[in-house]
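Chemist: Have a look at the structure that comes next, please.
The values are calculated or read from the model by the stated rules, or taken from the named source; none is laboratory data. Being a predicted model, the structure only gives us computed values, none of them experimental. In this analysis, Cβ positions are derived from the backbone assuming ideal geometry, glycine residues included, and neighbour counts consider all displayed protein chains.
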Amino acid sequence: MSHPYVLLSAAVSLDGYLDDTGPDRLLLSGPEDFDRVDEVRASVDAILVGAGTIRADNPRLLVNAPERRAARVAGGRPAYPLKVTVSGSGDLDPAAHFWHTGGAKVLYTTDAGAERARAHGIAADVVPLGTGLDWRRLLTHLYDAYDVRRLMVEGGGLVHTQLLTQGLADELQLVLAPLFVGDPDAARLFGPGAYQGGRLRLLETRPVGDVVLVRYEPTAPGTGPLPVAADHHWLALACELAERCPPSETAFSVGAVVVAADGTELARGHSREGGDPAVHAEEAALAKVDPADPRLPAATVYSSLEPCARRASRPAPCTRLILDAGVRRVVTAWREPETFVAGADGSGALAAEGAVVVLLPEHEEAAAAPNRHLTGR
C-alpha cells in the first residue's frame with residue numbers, strides 16, 4: 001500500500017512548546033518564516049491538521065501569495081492544496097474557517113463520527129475509517145483516492161506524536177523560536193510514546209529571520225512486516241547504488257545497504273563492485289561487515305532486487321549469505337524476473353527460514369531502470 005511523503009511542520013519555543021495558555025495564539029514565527037511556510041504549502045498536494053488545532057486556532061490553511069497560487073494552476077493543480085483533518089468524534093464546528101476557505105476538504109473519522117459530522121452539515125468529504133482511526137489506512141486512502149503524493153502536517157502535537165511513533169513521518173521541519181514559555185499546562189510539540197530508536201539525520205539548518213529552521217529525516221528501520229518511512233529512504237539509496245553498476249548482459253545491476261536497528265549504516269555495495277564481474281550487491285555489502293558484529297541479527301538488508309536464491313558464479317546465493325550473517329529482515333523493491341533463473345524466489349527462500357521480507361513496489365521503477373537493456377522495460 002502506497003503512502004504520500006509525510007512532512008511534519010511545526011514552530012516551537014526553545015523549551016519545546018507550541019503555544020502558551022493565554023487567550024491569544026502565541027506567534028512563534030516572524031514574517032520571513034510565515035512566507036517560507038506559505039512556499040512549502042504551495043509545494044504540497046494536501047495539508048493536514050488535527051481536530052484540536054481547528055478548535056484551538058480556527059486556521060484557514062491557505063496559500064496566501066497570489067503568484068504561488070497562479071503557479072499551481074499553471075502546473076495543472078488546484079490553486080489550494082486539499083485540506084485534511086482527523087477527528088474520532090466528528091464533533092466539529094461547521095462554521096470554522098477551515099471548511100469555508102480555500103479549495104477541497106476532507107474529514108477522516110470513525111463510523112460514529114461520520115454520522116455526527118454529517119448531522120452537523122460539515123462542508124467536506126467525510127470518510128469513515130471504521131470503529132477507530134488508522135493512520136496507515138488514512139494515508140493510503142489519501143494516496144489512492146485524492147492522488148496526494150506530498151502531505152504537509154501542521155499539527156497538533158498529538159498528531160505529530162502519533163505519526164512519528166508509528167514510523168510514518170518522512171521528514172520533520174522544525175522552527176525554533178528565540179523565546180521560552182515555561183508553563184507546564186501549555187501544549188508541547190511531542191508527547192510521550194514509543195518512538196523509534198536512533199538518531200535522526202540532519203538534512204538542513206538555516207536562519208529564517210530570527211528563528212532557525214532545522215530539517216531531519218528518520219533513519220531507524222522498521223522491525224517487522226510493516227514498513228516505516230526510513231525503510232523507503234534506505235531502499236531509495238539501494239536503487240541509487242544500482243545505477244553505479246558497470247553494465248552487463250548476463251547479470252542484473254543491483255544496489256544493497258545494510259543498516260543497524262538504530263539507523264546506523266553498516267555497509268553498502270553494488271553488483272560488480274571493485275571490478276569483480278561476479279560479485280552481487282548483497283555479497284559486496286556484507287563482506288564489509290565483521291561477521292561477529294552484534295548489530296547484524298537486528299539489522300535490515302535493503303536490496304533493489306530480491307536477493308538471489310540460486311546462482312552459478314558463487315557457492316552460496318545471497319539469500320544464504322544474508323541468513324548466515326544472522327540478518328532476519330530484508331526490504332526489496334523488485335521481485336527477480338525470470339531473465340536468467342526460472343522460478344526465482346529469493347523472498348520465499350528467506351521466509352522459509354524465518355526472515356521477514358518487505359516488498360515496496362513503489363520503488364520498482366527505480367530498481368528496474370538500470371536493467372532496461374535486460375528486461376526491455
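Chemist: Output yes when any residue across region 161-169 is farther than 20 Å from Ala11 by Cα, outside any helix (DSSP H, G or I) and polar (S, T, N, Q), and no when none is.
Modeler: Within region 161-169 (the criterion being farther than 20 Å from Ala11 by Cα, outside any helix (DSSP H, G or I) and polar (S, T, N, Q)), the answer is yes, since at least one residue qualifies.
Chemist: OK, next. Any chance you could count how many residues in region 55-107 are over 25 Å from the mean Cα position of the chain (by Cα) and basic (Lys, Arg)?
Modeler: 4
Chemist: Inspect region 300-320 for any residue being outside any loop (DSSP other than H, G, I, E, B), surrounded by fewer than 20 Cβ atoms within 10 Å (Cβ to Cβ) and under 22 Å from the mean Cα position of the chain (by Cα) and give the result as yes or no.
Modeler: No, region 300-320 contains no residue that is outside any loop (DSSP other than H, G, I, E, B), surrounded by fewer than 20 Cβ atoms within 10 Å (Cβ to Cβ) and under 22 Å from the mean Cα position of the chain (by Cα).
Chemist: Take Ala325 and decide whether it is at pLDDT 95 or above and either surrounded by 21 or more Cβ atoms within 10 Å (Cβ to Cβ) or in the same structural domain as Val301 (by TED's automatic domain parsing) (or both).
Modeler: Criteria met by Ala325.
Chemist: Pairs under 7 Å by beta carbon, first residue under 16 Å from Leu174 (Cα atoms) in region 143-154, partner outside any helix (DSSP H, G or I) and β-branched (Val, Ile, Thr), six or more apart or different chains?
Modeler: Within 7 Å, the pairs are Leu151/Val6; Leu151/Val44; Met152/Val44; Met152/Ile47; Val153/Val6; Glu154/Ile47; Glu154/Val49.
Chemist: Still on this structure: Taking the criterion of being over 14 Å from the mean Cα position of the chain (by Cα) and within 19 Å of Arg55 (Cβ to Cβ), would at least one residue in region 163-184 satisfy it? So that I can check it myself, show each step before the final result.
Modeler: Looking only at region 163-184, we keep the residues that are over 14 Å from the mean Cα position of the chain (by Cα), and these are 174-184.
Now drop any that are not within 19 Å of Arg55 (Cβ to Cβ), which leaves none.
No - not one qualifying residue is present in region 163-184.
Chemist: Something else about it: Of all residues in region 135-151 being part of a helix (DSSP H, G or I) and of a type outside the set (A, V, I, L, M, F, W, C), which is farthest from Ile54 (Cα to Cα)?
Modeler: Asp144
Chemist: If you don't mind, another one. In contact with a His (Cβ under 9 Å, 6 or more places away or on another chain), in contact (Cβ under 8 Å) with a residue 24 or more places away in the chain and either outside the structural domain of Glu154 (by TED's automatic domain parsing) or closer than 16 Å to Asp125 by Cα (or both): is that true of Pro81 in this structure?
Modeler: no
Chemist: Arg206 passes all but one of (1) touching a residue at least 12 places away in the same chain (Cβ under 8 Å); (2) more than 26 Å from Pro23 (Cβ to Cβ); which number fails?
Modeler: Arg206 satisfies every listed condition except (1).
Chemist: Just checking, how many residues over region 209-236 are under 14 Å from the mean Cα position of the chain (by Cα), in contact (Cβ under 8 Å) with a residue 60 or more places away in the chain and surrounded by 17 or more Cβ atoms within 10 Å (Cβ to Cβ)?
Modeler: Final tally of qualifying residues: 12.
Chemist: Would you please name the residue that is surrounded by the fewest Cβ atoms within 10 Å (Cβ to Cβ), looking only at residues in region 328-346 that are touching a residue at least 40 places away in the same chain (Cβ under 8 Å) and in contact with a Ser or Thr (Cβ under 7 Å, 6 or more places away or on another chain)? If you could, list the steps in order and put the result at the bottom.
Modeler: Initial filter on region 328-346 (touching a residue at least 40 places away in the same chain (Cβ under 8 Å)): 329, 331-333, 336, 339-340, 346.
From what's left, in contact with a Ser or Thr (Cβ under 7 Å, 6 or more places away or on another chain): 329, 331-333, 339, 346.
Values: Arg329: 24, Val331: 25, Thr332: 28, Ala333: 27, Thr339: 14, Gly346: 25.
Filtering first and then ranking leaves Thr339.
Chemist: Related question: If a residue has to be surrounded by fewer than 20 Cβ atoms within 10 Å (Cβ to Cβ) and farther than 11 Å from Val331 by Cα to count, how many in region 347-371 make the cut?
Modeler: Of the residues in region 347-371, 10 are surrounded by fewer than 20 Cβ atoms within 10 Å (Cβ to Cβ) and farther than 11 Å from Val331 by Cα.
Chemist: Name the single residue, out of those in region 82-134 being in contact with a Lys or Arg (Cβ under 6 Å, 6 or more places away or on another chain) and assigned to a loop (DSSP other than H, G, I, E, B), that is farthest from Val63 (Cα to Cα).
Modeler: Leu129
Chemist: A follow-up question, please. Only one of Val258, Val289 is part of a strand (DSSP E or B), under 30 Å from Arg314 (Cα atoms) and either out of contact with any Ser or Thr (no Cβ under 9 Å at 6 or more places or on another chain) or touching a residue at least 12 places away in the same chain (Cβ under 8 Å) (or both). Can you tell me which?
Modeler: Just one listed residue meets the conditions, Val258.
Chemist: Sticking with this one: Can you name the residue in region 147-160 that is surrounded by fewer than 18 Cβ atoms within 10 Å (Cβ to Cβ) and over 13 Å from the mean Cα position of the chain (by Cα) and, of all such residues, is nearest to Ala104 (Cα to Cα)? Talk me through it step by step, then tell me what you get.
Modeler: Pass one, region 147-160, residues surrounded by fewer than 18 Cβ atoms within 10 Å (Cβ to Cβ): 147, 149-150, 158.
Retained after the next criterion (residues that are over 13 Å from the mean Cα position of the chain (by Cα)): 147, 158.
Details: Asp147: 13, Leu158: 24 Å.
Among residues in region 147-160 that are surrounded by fewer than 18 Cβ atoms within 10 Å (Cβ to Cβ) and over 13 Å from the mean Cα position of the chain (by Cα), the one nearest to Ala104 (Cα to Cα) is Asp147.
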